[in-house]
Structures are given as C-alpha cells and as structure tokens.
Amino acid sequence: MTSSYSSLTRALAEALVDVLWFIEGSEDEQMDQDDVVKVMESVAHVVSTLSSDQQQELIALLGAMAAAETNPARREFLEEFPEGFGLIDDLS
C-alpha cells in the first residue's frame, strides 16, 4: 500500500488537525467542554516544546494544508492554528 502523504510529519499533522477540527466542531452535548479545554491546552503545550525548526516545519505544513483546503471554515481553522496554539505571537 502506498501512502498519500509525503512524510510521516505530514501524515501526523493531518491527523492532528482532523482530531482538533472534530473537537472544535463538537456540540456541548457531544463532548465535555472541560475535556475540550484540556485537549487543546495539551496540544498547545506539546507544540510549544517543539524545537524552533520543528515549529517552523509545522507552520509551513499548516500553510500548505490551508492553501489546499476547499472548506472555508476549515481553511480558517488551519490559518489560525499557528497563532491559536502558540506557534506564533499575536501580531495585532
């Protein structure tokens, strides 16, 4: 079986975004909001511990994913991911 991903990093980034997108879109009745916050904070912590090179690689992957995304809401989620998860500082 041939992978449709160019690298393990790309595959894991896609999987991470899929999980977070699902969580973000879940209704309050579907998922405990305290658990949602815990998961989001955990992801933010993990990405904050990546090396600068790894963070830049993830930012580039997210940019490429956003550019290829046809769903406007998901594209916005991808575009906001680096700032929302602490990979870049708020520029405003």
Open item on the list: Condition first: touching a helix residue (DSSP H, G or I) at 6+ places or on another chain (Cβ under 7 Å), open to solvent by less than 80 Å² (accessible area, probe 1.4 Å) and assigned to a helix (DSSP H, G or I). Now tell me which residues in segment 22-40 satisfy that.
Closed with: 23, 36, 39
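What about residue 43, is it among the aliphatic types (A, V, I, L, M), without any contact (Cβ under 8 Å) to a residue 60 or more places away in the chain, within 19 Å of residue 83 (Cβ to Cβ) and open to solvent by less than 50 Å² (accessible area, probe 1.4 Å)?
Numbers: among the aliphatic types (A, V, I, L, M): yes; without any contact (Cβ under 8 Å) to a residue 60 or more places away in the chain: yes; within 19 Å of residue 83 (Cβ to Cβ): yes; open to solvent by less than 50 Å² (accessible area, probe 1.4 Å): yes.
Yes: the conditions hold for residue 43.
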Open item on the list: Can you tell me which residue is least open to solvent (accessible area, probe 1.4 Å) among those in segment 8-17 that are farther than 19 Å from residue 37 by Cβ and of a type outside the set (Lys, Arg)?
Closed with: 13
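The values are calculated or read from the model by the stated rules, or taken from the named source; none is laboratory data. Note that the structure is predicted; figures quoted are calculated from it, not measured. Positions of Cβ are backbone-derived with ideal geometry, glycine not excepted, and every protein chain shown enters the neighbour counts. Surface accessibility is based on the protein's heavy atoms, side chains included, excluding ligands, DNA and RNA. Shrake-Rupley method; radii C 1.70, N 1.55, O 1.52, S 1.80 Å.
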